[in-house]
Amino acid sequence: MARRLAEAGAAHGTTVIADHQTAGRGRHGRGWSDRPGASLLLSMVLLPASAARGATELAVLPLLVGLACARAIRAAGGPAVGIEWPNDLVIGDAKLGGTLCEASLRAGTLDFVVVGIGINVAAVPDDLDADVRANAIALADASGGRAPDRTALAGELVRRIIALRADSGFAGGDLAELRRLDALAGRRVRLATGREGIARGILPDGGLAIEDDGEQLIVHSGSVAPIAPRRP
């Protein structure tokens, strides 16, 4: 719906919120399962600040959206949240939520981006697909059974994301804060290609540095997953 609204000329910051999704999806076609009232699910239309921008300016946007989510959760009384490059929200080694940024180009320039966000607020294992139950967590689990109010959390989140543009770059202390929240830093990870290495941090262009036997790799797309659990 957000994409249809954007194609019809919707204003920057137009937001669609769902109480429940029957066909939620993430990167690489992965699904998203929930029950009514258990998740914060929204999509926002972001327009670029410059009409002449192409797709290359999009690399940092998913990270900025993740940072906005982490900040909003804390502001709404929730726990500290880590960011697993490029688009997952985690608490420890468990996935709390994720983001998806889908760009639309017109004549080679950036027209708009639809930002989709899903956050487990009060989901229980039976709400989730069997293949993700063991690696999922809800805000209620991490907050002693009391999750932040979804309306308050939505307000905090929309307020932060509407301040972004589709072609936003890092500003102020954004990159430093992302590096503090980086859930992969210093951990051995595996790329989608099967290659392994040690994650060495998020770069100013939104890429991820990985060290493999003294060689530095720079990853800008695809999947990167930690191999071993985080140390206590």
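The values are calculated or read from the model by the stated rules, or taken from the named source; none is laboratory data. Bear in mind the structure is a predicted one, so any value in this text is a computation, not a measurement. Because the Cβ atoms are built from the backbone with ideal geometry, glycine has one as well, and the counts that use them run over all protein chains shown. Note: accessible area is taken over every heavy atom of the protein model, side chains too, but ligands, DNA and RNA are not part of it. Shrake-Rupley method; radii C 1.70, N 1.55, O 1.52, S 1.80 Å.
Against the criterion of solvent-accessible heavy-atom surface with a 1.4 angstrom probe, His12, His20, His220 sort, most first, into His220, His20, His12. Per-residue extension of 0.36 nm, minus the Cα-Cα distance of Arg146 and Arg188, leaves a gain of 11.8 nm for this segment.
Sorting 177-187, 160-170 by average packing, meaning the other beta carbons within 10 Å per residue, from highest down gives 160-170, 177-187. Here the gap between Arg4 and Glu211, fully extended at 0.36 nm per residue and compared with their Cα-Cα distance, gives a gain of 70.3 nm.
Solvent-accessible surface of protein heavy atoms, probed at 1.4 angstrom with all chains present, puts Asp213, Asp19 in the order Asp213, Asp19, largest first.
Put a dot 7 Å past the Cα of Arg179, heading toward its Cβ, do the same for Ala94, and the two dots end up 3.0 nm apart. Largest accessible area first, the listed residues Arg190, Arg200, Arg4, Arg150 line up as Arg4, Arg200, Arg190, Arg150 when surface is computed with a 1.4 Å probe on the assembled protein chains.
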